[in-house]
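Here's the structure we're looking at; comments come further down.
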Amino acid sequence: MIHHLNALSLTEKLRESLQDSGDGFPFAAVEANLAEYANNCASWHWHEFVELAYVAEGALECATPGGTFTLSAGQGYFINPNILHLHRMRGSAATLRVIEFMPSLLAGSGGLYARYVAPVERCRGIEALMLSREKPLEGEILDKLKELFDLAQREPKGFELTIMEGLFHIWRAMVEITAPMLRRPGDDRDASEDRVKSMLTFIHTHYDEPLSVADIAASANISQREAYRSFRQVLGTTPTLYLLHHRIDRAARMLVETRMTVTQISLACGFSSPSYLCKVFHDLNGASPRAFRLAQLSVQGLSRPERRFPQGVPTCPRALGAAFAFLQSGREYGKLSSWRGRTCII
């Protein structure tokens, strides 16, 4: 069975759950079309399963706290469990075919797990790996991913056993590829990532309220200075900018998905006034909220949004939303950092 996704399904802690069938086989095959995601981006999130994927169409950018790489059709990637990451479409299309599985599927929790799985899974120096056909072992993994995706789609008798065989083949190659990386010294990013996860969860839950950096820092039980340091180290931005862009992202969603007025949206997203929302929205998107709404509805062939308020939340929404995926782009961040001196958290 193939799961087709056009949005992330996250818990309040930004954790993505495995899209398995619940039959005790912790494996899933997923097709994700980023063109259908809000802002063409699967925003910052993490999960407890291993993620391997190849690009079936188009191009995308994959970002983790440790860096960013761009993938085109035919290339793929590996994401370790518990790593914050995002995917962002580059160009006009990006379709991913993803294989997800729990590490325990490979070797349970015994000696084989400790010898071959845990060293890779727990190595903080291995956040994500780009896979390309230029290297033979990586090419083998990409071929095997396509085989597993096809198996999951057809589900012939005993396909789970064949999938297990394929996963063992992939992991043997992964052990060989990552062997040099396991000898590298680690860093202190582990603690910073945990703090940032807590602060992102707080922002995504309370963005519609008056917030300060002190409030955000307190959610992770750290000082404001440490909050700034952690955001810089993990996401390459500041709490202030992240909150601002998350609010604008939520406003953009409401403009397209609801019939709320700009005044109502500004209040629902935590802005002090409609005029401030309009100013920031125009500076970041190059269009006023009204022009943005009309343009998006025109693309969808609609004259107005179908709902009066966000689905399931008739007033100030606190639902998690996708954060703007500007955080790993040097060009875009250079443009946005000019706000630092004149932006306050409202």
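Laboratory data are not the source of any read-out in this text; all were calculated from the coordinates shown. None of the values given here were measured: they were computed from a predicted structure. Neighbour counts are summed over all protein chains in view; Cβ atoms, including those assigned to glycine, are modelled from backbone coordinates with ideal geometry.
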Q: Work out, in µm²/s and without decimals, the Stokes-Einstein translational diffusion coefficient of segment 244-291 at 25 °C, 0.890 mPa s, Rh from Kirkwood over C-alpha pairs.
A: 240
**Q.** Shape category assigned to segment 78-174 from the gyration tensor of Cα positions, a/c cut at 1.5
**A.** oblate
Q: Order the peptides 247-256, 164-173 from the highest to the lowest mean number of other Cβ atoms within 10 Å of their residues.
A: 247-256, 164-173
Q. Ranking 85, 47 by Cβ neighbours within 10 Å, fewest first, what do you get?
A. 47, 85
Q) Computed over the Cα atoms of segment 147-265, what is the ratio Rg over Rh, Rh following Kirkwood? A) 1.20
Q) With θ set to phi - 60° and the Karplus curve 6.51 cos²θ - 1.76 cosθ + 1.60, what are the ³J(HN,Hα) couplings of segment 154-161 in order, to the nearest whole Hz, using x for Gly and Pro? A) 8, 6, x, 4, x, 4, 4, 5
Q | Ellipsoid equivalent to segment 199-280 - semi-axes via the Cα gyration tensor, in Å | A | 26, 12, 11
Q. Just how far, in whole angstrom, is segment 247-286 from segment 40-104 if you go by their alpha carbon centroids?
A. 29
Q) With +1 on each Lys and Arg Cβ and -1 on each Asp and Glu Cβ, how big is the dipole of segment 2-183 about its Cα centre, in debye rounded to the nearest 20? A) 480
Q.
What are the ³J(HN,Hα) couplings of segment 286-291, residue after residue, when phi is run through the Karplus curve with 6.51, -1.76, 1.60 and θ = phi - 60°? Round to Hz, x for glycine and proline.
A. x, 7, 6, x, 5, 5
Q: Compute the normalised compactness of segment 2-183: alpha-carbon radius of gyration over 2.2 N^0.38 Å, N being the residue count.
A: 0.97
Q: Run the dipole for segment 108-182 about the Cα centre, Lys and Arg Cβ at +1, Asp and Glu Cβ at -1, nothing else charged, and hand back the magnitude in debye, nearest 20.
A: 180
Q: Straight distance only, please: which lysines reach the Cα of residue 135 with their own Cα at less than 27 Å, same-chain residues fewer than 8 apart left out?
A: 144, 146
Q.
Test of the criteria: in segment 74-114, which trypsin sites (Lys or Arg not before Pro) are in a DSSP loop and have at most 14 other Cβ atoms within 10 angstrom of their Cβ?
A. none
(Q) Give me the percent relative contact order of segment 2-183, please, defined on Cα pairs under 8 angstrom at least 6 residues apart. (A) 21
Q: Report the label-to-label distance for residue 165 and residue 70 in nanometres (one decimal), using points 7 Å from each Cα along the Cα→Cβ vector.
A: 4.0
Q) What is the set of long-range amide H partners of residue 90 at a cut-off below 5 Å, with H atoms built 1.01 Å from backbone N? A) 59, 60, 61
Q: Please give the FRET efficiency for residue 113 paired with residue 290, using the beta carbon to beta carbon distance and R0 = 41 Å, rounded to the nearest 0.05.
A: 0.15
